[in-house]
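Reviewing the structure listed below.
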Amino acid sequence: MRILDILSVQFLTALGSIIILDIVLAGDNAVVIAMASHSLPENIRKKAIYIGTIGAIVIRIIMTVLAAWLLTVPYLQALGGLILIPIAAGLLKPANENMKISPLMSFRGAVKTIIIADAAMGVDNVLAVAGAAHGDFVLVFLGLMISIPIVVWGSQIIGSWMNRYPVLVYVGAGILAWTAGTMILHDKIIGVMIIGVIGNQGLYFFPAAVMITIWMFGCIMQKKSKKQ
């Protein structure tokens, strides 16, 4: 691609659209990064965010290159949603359950959670961005690189809020659970089956049911922890 092509109004307009789309779609990713890292000690929190984000970026780039093939894989979006559900539930576990875990193990767990959750949520994101870019991977790559610092910065702000206002952890878990339910519904096979059984109202009721279930799990774990 020539420099003149990159500086053209058409290219810059398309790039701006991709960046906005990346940022909008990455809201859930910022939440999961914040939730996975907010309880870590300050001296390793940023390191976990950076390493986890780099791993997620590598996976996202690979998925983007394979976007056309991913569209043909059956049950992929449903699988991504199912992977995300236990991650959302695990992030609601009381902190005292992890008191015996060393900082190193907590660090590794945070990095692993960021990478796995981003990979699970990345299916929808990658397909949407690849479609908007009309196959131009230079646009996809530039948009991803520009939006990443914004997501990392945003996740650090959200993480500090979660430490100050613990109720936001439930809000974050709810967002991840809703995303998981929506991904399952977007699956061309499983989603059609679910809507066929419960009707179009399932577009809202199913993600809401997943979200409420995760919240109930968190409340049960909190009560169990207090009794112990």
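In this view, the solvent-accessible surface of S39, computed with a 1.4 Å probe and all protein chains in place, comes to about 90 Å².
In percent, rounded to a whole number, the relative contact order of the range 161-228 is 36, using alpha-carbon pairs under 8 Å and six or more apart. In the complete set of protein chains, residue-level accessible area for R164 is approximately 150 Å², probe 1.4 angstrom. Among the protein heavy atoms, those of V192 account for about 100 Å² of accessible surface (1.4 Å probe, every chain in place).
The string of couplings for the range 107-115 from the Karplus curve (6.51, -1.76, 1.60, θ = phi - 60°) is 4, 4, x, 5, 4, 4, 4, 4, 5 Hz, one whole number per residue in order, with x for Gly and Pro.
When all protein chains stay in place and ligands, DNA and RNA are ignored, the 1.4 Å accessible-area order of H38, H186, largest first, is H186, H38.
The values are calculated or read from the model by the stated rules, or taken from the named source; none is laboratory data. None of these values were measured; they are calculated from a predicted model. Side chains are part of the model used for accessible areas, which takes the heavy atoms of the whole protein and leaves out ligands, DNA and RNA. Shrake-Rupley method; radii C 1.70, N 1.55, O 1.52, S 1.80 Å.
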